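Written out below as structure tokens is the structure these notes cover.
The values are calculated or read from the model by the stated rules, or taken from the named source; none is laboratory data. Please read these numbers as outputs of a predicted model, since none were measured by experiment. No Cβ is skipped: glycine too gets one built from the backbone with ideal geometry, and neighbour counts run over all protein chains shown.
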Amino acid sequence: MMVKLQRYDGNPILSPNEANGWEALAVFNPAAWYDSQRGEVVMLYRAAEAGPEYKCYFGMAVSRDGYDFERVSNEPVFGPSVDGFDASTVQDPRMVKMGDWYYITYAARHFPFGQFWKPAAERYRHPVCPDEFPRAIRTNATSTGLLLTKDFKSWIRAGRITDPVLDDRDVILFPEKIGGKFVMMHRPLEWVGPRYGTEHPAVWISMADDLLGFRESKLLIRAQLPWEDNKIGINTPPIRTRHGWLTLYHAVGADKFYRIGALLLDLDDPSIVRYRSRHWLMQPETDYEIEGYYRGVCFPCGKVVIGRTLFVYYGAGDKYVAVATCELEALLDYLLTCPA
């Protein structure tokens, strides 16, 4: 039986806060982790300022029930560096915990992105670089960084986790080693064409002995279904279940809407896709998903399991944070009817 994610009636659960300049324009694309010892969901959300550069930061909120979140501070808990590869913006965190440490992947750019929804003549324009500059800088490509913390107060910027030459985002870490190796999924935009076996940007998987040592990747999934005919990318860190690693992915269709699907990957070899949803689990339908700064997007960066319920935290319309749920077992039962 097909399963759909059910929106919370109280959505959106976080909205822009005009009292704080760093989150006055938008709050969206949240990472999440459930601390079972404290009975608390920890959320890192992307927050955008209202200025023309559209700089982004990370705010933090916590919840006891998974629905009602309270901001922990009027200041961002993390922001762009002074002069590093992430000096202009930090975006779209994904978070796992291994031991005492949280490992957070995040997207960043050399120059601010600017308010992309405005007419071109009104947007911020980054400096024009000489041809001798690295291509990734000239084109303002998106890199992905690795961030480490124990307490969300002290941070270690480990550096780029992906190849700095590529525009590579939607980078997800597994929450444990598999076969003695770290595992990462990612979506390099340039890996398209006969050489790569895909017509559109697709999801790749890589294993390494070191978290900054991912060098070789294998194609994991590419667009197959009508609602996936533009590009796809992994959204949320995998959760171990008895049937496989459960993760969510987004697909952008011809209408440019972002819809959500699900995968079950082999427990011992996650480069093998065992099951893949045939239908989307959620698509943009509400005003807060369609009338934001991007018209028509549901973009989760975190999910947690509390009891028997799967909570999926997503950015709506590039403006709000929302949550949708389903029974975990019902989703697994559905996926088991969809062999890859």
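Values for this structure:
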{"read-out": "Matching option when the condition is farther than 22 Å from residue 311 by Cα and either in contact with a His (Cβ under 8 Å, 6 or more places away or on another chain) or crowded, with 22+ Cβ neighbours inside 10 Å (or both), among 274, 259", "value": "274"}
{"read-out": "Entirely in the stretch 1-112, the strands (runs of 3 or more DSSP E) that have 2 or more residues that are within 30 Å of residue 339 (Cα to Cα), out of contact with any helix residue (DSSP H, G or I) (no Cβ under 8 Å at 6 or more places or on another chain) and not charged (D, E, K, R)", "value": "26-35, 90-98"}
{"read-out": "Qualifying residue in the stretch 283-291 (condition: more than 16 Å from the chain's Cα centre (by Cα), more than 21 Å from residue 59 (Cα to Cα), crowded, with 21+ Cβ neighbours inside 10 Å and modelled with pLDDT of 95 or more)", "value": "yes"}
{"read-out": "Total residues in the stretch 39-60, condition without any contact (Cβ under 8 Å) to a residue 60 or more places away in the chain and under 19 Å from residue 18 (Cα atoms)", "value": "10"}
{"read-out": "Filtered residues of the stretch 106-122 (kept if at pLDDT below 95 and either loosely packed, with under 12 Cβ neighbours inside 10 Å or among the aliphatic types (A, V, I, L, M) (or both))", "value": "119, 120, 121, 122"}
{"read-out": "Scope the stretch 23-39; condition surrounded by 15 or more Cβ atoms within 10 Å (Cβ to Cβ) and either of a type outside the set (A, V, I, L, M, F, W, C) or over 20 Å from the mean Cα position of the chain (by Cα) (or both); matching residues", "value": "23, 24, 29, 30, 34"}
{"read-out": "The one condition in (1) free of Cβ contacts under 8 Å to residues at least 60 places away in the same chain; (2) under 27 Å from residue 44 (Cα atoms) that residue 332 fails to fulfil", "value": "(1)"}
{"read-out": "Failed item in (1) in contact with a strand residue (DSSP E or B) (Cβ under 9 Å, 6 or more places away or on another chain); (2) under 20 Å from residue 108 (Cβ atoms); (3) among the aliphatic types (A, V, I, L, M), with residue 165 passing the rest", "value": "(1)"}
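Per-residue answers, yes or no, for (1) surrounded by 15 or more Cβ atoms within 10 Å (Cβ to Cβ); (2) touching a residue at least 12 places away in the same chain (Cβ under 8 Å):
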{"site": "79", "(1), (2)": "yes, yes"}
{"site": "83", "(1), (2)": "no, no"}
{"site": "104", "(1), (2)": "yes, yes"}
{"site": "124", "(1), (2)": "yes, yes"}
{"site": "127", "(1), (2)": "no, yes"}
{"site": "130", "(1), (2)": "no, no"}
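The rows are residues; the columns are (1) in contact with a helix residue (DSSP H, G or I) (Cβ under 7 Å, 6 or more places away or on another chain); (2) among the β-branched types (Val, Ile, Thr); (3) free of Cβ contacts under 8 Å to residues at least 40 places away in the same chain; (4) within 24 Å of residue 44 (Cα to Cα).
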| residue | (1), (2), (3), (4) |
| --- | --- |
| 168 | no, no, yes, yes |
| 178 | no, yes, no, no |
| 182 | no, no, yes, yes |
| 222 | no, no, yes, no |
| 226 | no, no, yes, no |
| 229 | no, no, yes, no |
| 232 | no, yes, no, yes |
